[in-house]
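A quick write-up on the structure given underneath.
The values are calculated or read from the model by the stated rules, or taken from the named source; none is laboratory data. Quick caveat, the model's predicted, so the values are computed rather than measured. Glycine also receives a Cβ, built like all others from the backbone with ideal geometry; neighbour counts cover every protein chain displayed.
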Amino acid sequence: MKVLIRRPRREVELPGRRRVREVLKELQINPETVIVVRGETLLTSDDVVGEEERIEVIPAISGGAQ
Amino acid sequence: MKCSTCQGKAAIEIRRHNAAFCGPCFLGHLERQIQRAIESERMLAPAERVLVAVSGGKDSLCLWEVLRRLGYETTGLHLDLGIDGYSPEGRKKTEAYAEAHELPLQVIEVKQETGFTIPELGERTRRPPCSGCGLSKRYLMNRATLAGGFPVLATGHNLDDVAAILFGNVLHWQTEQLSRMTPVRPATHAKLAKTVKPLIRVTEREAVAYCLLRGVDYHEDECPNAAGATLLLYKDVINQIEAVSPGSKQAFYQEFVKKVQPHLAAGETVTLRECDVCGQVTTGEVCAYCRMMERARQTTVRRGRVTRTVLEVPPA
């Protein structure tokens, strides 16, 4: 599967079918800080991503000034 | 995973509520959370006229969209900070949203107002850029709210923001700041606008999901000055705790506001007055904004080097 991580922008390729929570764990991304989408569909942690599919990890955390 | 409300396929899991929602049920859930925060904290009166601070990012556009849908009479306020490669996109997204929904929008260019962009201000005052930016925003937003005759200013501070600010203030025992950490800051002086934070029950992750599901096009990029900001470090630490112990973030802030802040505020005696230079509200003779601007004006930048030029010699 292909995983597009938006910030910093990079694409990672992972082998096999995996649940979203396993993908995030493999990439060491805290699930509390992102939204994962396949196309325009939001995925939950138990959704399975197929080997030929592409998902995007959208960062949620931002901010500098109070 | 199934939606806790309709048993359809879930789109988002919210572990601190031990719930998951499909798209339509999540939109209703988030809007109800904001409405509850507004009502329980008496932030806004029904259909009240409100100035909404909008950067073009997910939080402020989520806030504007929800307030619009809840029937408040909203006007957007955008501050163009003049940060190359960052500010133009935020302004573009804000203007596009206002135009699409035929909503009034006021744009203030910081350079035009102060003579300096935010990066120039940071360079001249030798303060961290976020510090000068935050101070400028608070000052200009307060002034715009009063000038426009708005009864209240709403900002897009979310649960992650307030929890991280609280964490930082506790870490350094900033009791003065802690005593002011409430979702509503009342207008305790004629020159001080009432400010509210309707997103205090909403995480940044939920604001992103809301914008995606509603089709709100927001500015995704992070401010270049925020890289390495301590607030981001605090958010990271809190979210690591939240991942192991869901609900900790919300409890940390809400229980502080309920159990600790009132005691701190009771012991605080602040006398507000008008700044000798600009007439805006302050605790001293000259407000922090005017002092910062004076410092910036007294500094000249030559060939990339910053030099302080003392214009006036104080009496011996």
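Being on the phi < 0 side of the Ramachandran plot, more than 16 Å from the chain's Cα centre (by Cα) and surrounded by 19 or more Cβ atoms within 10 Å (Cβ to Cβ) holds for only one residue in B:LEU63, B:LEU44, B:LEU67, B:LEU79, and it is B:LEU44.
Could you check region A:1-56 for strands (runs of 3 or more DSSP E) lying wholly inside it with 2 or more residues that are closer than 21 Å to B:ARG15 by Cα?
Working: elements: A:2-6, A:9-13, A:34-38, A:41-43.
Correct list: A:34-38, A:41-43.
For B:LYS259, the test of being surrounded by 15 or more Cβ atoms within 10 Å (Cβ to Cβ) and among the charged types (D, E, K, R) is failed. For B:ALA11, the requirement of being touching a Phe, Trp or Tyr at 6+ places or on another chain (Cβ under 8 Å) and surrounded by fewer than 19 Cβ atoms within 10 Å (Cβ to Cβ) is not met.
Rundown of residues vs (1) within 14 Å of chain A (Cβ to nearest Cβ); (2) over 22 Å from B:CYS275 (Cβ atoms); (3) among the hydroxyl-bearing types (Ser, Thr, Tyr), yes/no style:
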{"site": "B:SER87", "(1), (2), (3)": "yes, yes, yes"}
{"site": "B:ALA98", "(1), (2), (3)": "no, yes, no"}
{"site": "B:ILE118", "(1), (2), (3)": "yes, no, no"}
{"site": "B:GLU123", "(1), (2), (3)": "no, yes, no"}
{"site": "B:PRO129", "(1), (2), (3)": "yes, yes, no"}
{"site": "B:LYS137", "(1), (2), (3)": "yes, no, no"}
{"site": "B:LEU146", "(1), (2), (3)": "no, no, no"}
{"site": "B:GLY149", "(1), (2), (3)": "no, no, no"}
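Inside region B:14-28, residues that are under 26 Å from B:ILE238 (Cα atoms) and surrounded by fewer than 20 Cβ atoms within 10 Å (Cβ to Cβ) make up a count of 6. Assessment of region B:162-178 against the conditions (within 23 Å of B:GLU48 (Cβ to Cβ) and not basic (Lys, Arg)) yields at least one matching residue. Among the residues of region B:46-70, those identified as at pLDDT 95 or above and either in a loop (DSSP other than H, G, I, E, B) or of a type in the set (Lys, Arg) (or both) are B:ARG49, B:VAL54, B:SER55, B:GLY56, B:GLY57, B:LYS58, B:ARG68, B:ARG69, B:LEU70. Restricting region B:4-20 to residues that are at the interface with another protein chain (Cβ under 10 Å from one of its Cβ atoms) and not in a helix (DSSP H, G or I), which is nearest to A:LEU42 (Cα to Cα)? Step by step, filter region B:4-20, then rank; the result is B:ALA11. Being in contact with a helix residue (DSSP H, G or I) (Cβ under 6 Å, 6 or more places away or on another chain), more than 8 Å from every other protein chain (Cβ to nearest Cβ) and modelled with pLDDT of 95 or more is true of A:LEU24. Across region B:91-105, not a single residue is classified as part of a strand (DSSP E or B) and within 26 Å of A:ILE61 (Cβ to Cβ). Of the residues making up region A:40-66, those that are more than 10 Å from the chain's Cα centre (by Cα), more than 11 Å from chain B (Cβ to nearest Cβ) and not aliphatic (A, V, I, L, M) number 4. Of the helices (runs of 4 or more DSSP H) entirely within region B:219-292, those holding at least 3 residues that are at pLDDT below 95 and either within 30 Å of A:ILE58 (Cβ to Cβ) or not hydrophobic (A, V, I, L, M, F, W, C) (or both) occupy B:230-244.
Evaluation of B:LYS137 against the conditions (1) in contact with a Lys or Arg (Cβ under 9 Å, 6 or more places away or on another chain); (2) in a helix (DSSP H, G or I); (3) within 28 Å of B:VAL281 (Cβ to Cβ) shows that the sole unmet condition is (1).
Take the conditions (1) away from every other protein chain (no Cβ under 14 Å); (2) modelled with pLDDT of 95 or more; A:ARG10 misses just one of them, which is (2). Exactly one residue among B:ALA229, B:ALA190, B:ALA251 is of a type in the set (A, V, I, L, M, F, W, C), within 9 Å of chain A (Cβ to nearest Cβ) and touching a helix residue (DSSP H, G or I) at 6+ places or on another chain (Cβ under 9 Å), and that residue is B:ALA229.
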